[in-house]
1. Here are some pairs, A:Lys13/B:Lys42; A:Lys57/B:Lys93; B:Lys42/B:Lys104; B:Lys1/B:Lys68; A:Lys57/B:Lys99; A:Lys57/B:Lys1; which of them have Cα atoms lying more than 18 Å apart in this structure?
2. Just the accessible area per residue of the stretch B:1-64, please: how many Å² with a 1.4 Å probe?
3. First compute the accessible area of chain A with a 1.4 Å probe, then give the percent of it belonging to carbon and sulfur atoms.
4. Quick one: what do you get for the protein assembly as shown if you divide its Cα Rg by 2.2 N^0.38 Å?
5. What is the dipole size for the stretch A:4-103, taken about its Cα centre, with +1 at each Lys and Arg Cβ and -1 at each Asp and Glu Cβ, in debye to the nearest 20?
6. Buried by at least 10 Å² relative to the chain on its own: which residues of the stretch A:43-92 qualify, computing accessible area with a 1.4 Å probe on protein heavy atoms?
7. Across every pair of different alpha-carbon atoms, what Kirkwood hydrodynamic radius in Å does the stretch A:5-100 reach?
8. Roughly how many debye, to the nearest 20, is the charge dipole of chain B about its Cα centre, given +1 on each Lys and Arg Cβ, -1 on each Asp and Glu Cβ, and no other charges?
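The values are calculated or read from the model by the stated rules, or taken from the named source; none is laboratory data. Note that this is a predicted model, so its numbers are computed, not measured. In this analysis, Cβ positions are derived from the backbone assuming ideal geometry, glycine residues included, and neighbour counts consider all displayed protein chains. The accessibility values were calculated without ligands, DNA or RNA, using every heavy atom of the protein model including side chains. Shrake-Rupley method; radii C 1.70, N 1.55, O 1.52, S 1.80 Å.
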Amino acid sequence: KAGVTQTPRYLIKTRGQQVTLSCSPISGHRSVSWYQQTPGQGLQFLFEYFSETQRNKGNFPGRFSGRQFSNSRSEMNVSTLELGDSALYLCASSLGGEAFFGQGTRLTVV
Amino acid sequence: KQEVTQIPAALSVPEGENLVLNCSFTDSAIYNLQWFRQDPGKGLTSLLLIQSSQREQTSGRLNASLDKSSGRSTLYIAASQPGDSATYLCAVKGPSADKIIFGKGTRLHILP
């Protein structure tokens, strides 16, 4: 059974650009959550989707957005990138309350 | 607002020792608690999941306990090995949502 797949694994973007990250959950999982991990702040919750609907949102600016498709795959978009957006972005899919994480996308903003 | 704290932030122990990692949380109304392992630059690997109605879970050399009333969980690692070196994260899920709150982790180094 395939795990959670995140693409791409690494990205380098310039300040002001936008970026889209993708997450394919484990087959059968309908809940997908996104987290940002930085050395200073640790893991912080961005948002969670279930059956194409955003159920929860963390305390991030509106530049961070996401969506979920009918096949449960999810995308996260960050617009007008800032240096401080450099981080490891992790996606998790859940079933029965247990979360399974992907390998993450390492975003570097220069 | 749920807060999760992990102590210590870092720990170095000789190979073969048994060790305990601590996690505390401020709101006892949780759905479950999960322990993860993270290797540098990698994603999170789920180690153990404890439902709110459970007191402990075991997997191989790992044992996790949960005391909701005191807001504490411990992860016990028996007979530590160099391959256990990683950051261990404790995460709490609230009762009504899928939002997970993480601790900052304990960076564990097992000395050969």
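1. Details: A:Lys13/B:Lys42 20 Å; A:Lys57/B:Lys93 14 Å; B:Lys42/B:Lys104 16 Å; B:Lys1/B:Lys68 16 Å; A:Lys57/B:Lys99 8 Å; A:Lys57/B:Lys1 15 Å.
Over 18 Å Cα-Cα: A:Lys13/B:Lys42.
2. Working: 3340 Å² over 64 residues.
Ligands and nucleic acids excluded, the figure is 52 Å² per residue.
3. Details: 2470 of 5150 Å².
Heavy-atom surface of chain A belonging to carbon and sulfur, 1.4 Å probe: 48 percent.
4. Values: Rg = 17.4 Å, N = 222, 2.2 N^0.38 = 17.1 Å.
Against the compact-globule rule of thumb, the ratio is 1.02.
5. Details: 9 positive and 6 negative charges, 32 e Å.
For the stretch A:4-103, the charge dipole is close to 160 debye.
6. Buried-area filter returns A:Leu43, A:Phe45, A:Glu48, A:Arg55, A:Asn56, A:Leu88, A:Leu90.
7. Details: mean 1/r = 0.0737 Å⁻¹.
Taking every pair of different Cα atoms in the stretch A:5-100, averaging 1/r and inverting gives 13.6 Å.
8. Working: 11 positive and 9 negative charges, 53 e Å.
Result for chain B is approximately 260 debye, rounded to the nearest 20.
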